[in-house]
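Participant: Handing you this structure, nothing more for now.
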Amino acid sequence: MPVLDRLLEPVARILTPEFARQLVALRADPEVQDRINALAERCNEGQLTPEERADYETYVRFVDFLAIIQAKARRVLAEARTP
């Protein structure tokens with residue numbers, strides 16, 4: 001289990017089903033998503049400025065973090081449905 005996943009395990013244990021549903025539904029607003037998409041395209045073309053690269057790397061790290069939290073939230077919801 002990756003370190004970040006292990007660090008977040010205690011958080012998963014305290015998630016309520018309602019909060020887990022909200023986490024699973026969490027998405028970036030359209031303006032932020034457009035910015036991420038633009039930076040991703042510029043990154044693929046090798047055209048990021050140092051400031052843009054820092055922003056893009058922050059977004060990528062956050063998305064990875066959120067994906068782990070959402071996976072844990074989905075597990076909470078699956079366990080809540082199991083009798």
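Read the figures in this text as sums done on the coordinates, not as results from a lab. All values derive from a computational prediction rather than experimental measurement. For neighbour counting, all protein chains shown are included, and Cβ atoms are generated from backbone atoms with ideal geometry for every residue, glycine included.
Participant: Collect the residues in the stretch 1-27 that are small (Gly, Ala, Ser) and touching a helix residue (DSSP H, G or I) at 6+ places or on another chain (Cβ under 7 Å), keeping them in residue-number order.
Facilitator: Ala12, Ala20, listed by residue number.
Participant: Continuing with this model, one more query. Within the stretch 16-30, is there a residue that is closer than 17 Å to Val76 by Cα and among the acidic types (Asp, Glu)?
Facilitator: Yes; the residues of the stretch 16-30 include at least one that is closer than 17 Å to Val76 by Cα and among the acidic types (Asp, Glu).
Participant: Which residues, counting only those in the stretch 18-56, are in a helix (DSSP H, G or I), under 20 Å from Leu8 (Cβ atoms) and without any contact (Cβ under 8 Å) to a residue 40 or more places away in the chain?
Facilitator: Our first condition is that a residue be in a helix (DSSP H, G or I); within the stretch 18-56, this holds for 18-25, 30-44, 50-56.
Those still in the list that are under 20 Å from Leu8 (Cβ atoms) too: 18-25.
Glu18, Gln22, Ala25 - these are the residues of the stretch 18-56 that are in a helix (DSSP H, G or I), under 20 Å from Leu8 (Cβ atoms) and without any contact (Cβ under 8 Å) to a residue 40 or more places away in the chain.
Participant: Looking at (1) touching a residue at least 60 places away in the same chain (Cβ under 8 Å); (2) under 13 Å from the mean Cα position of the chain (by Cα), can you tell me which one Ala71 breaks?
Facilitator: It is condition (1) that Ala71 fails.
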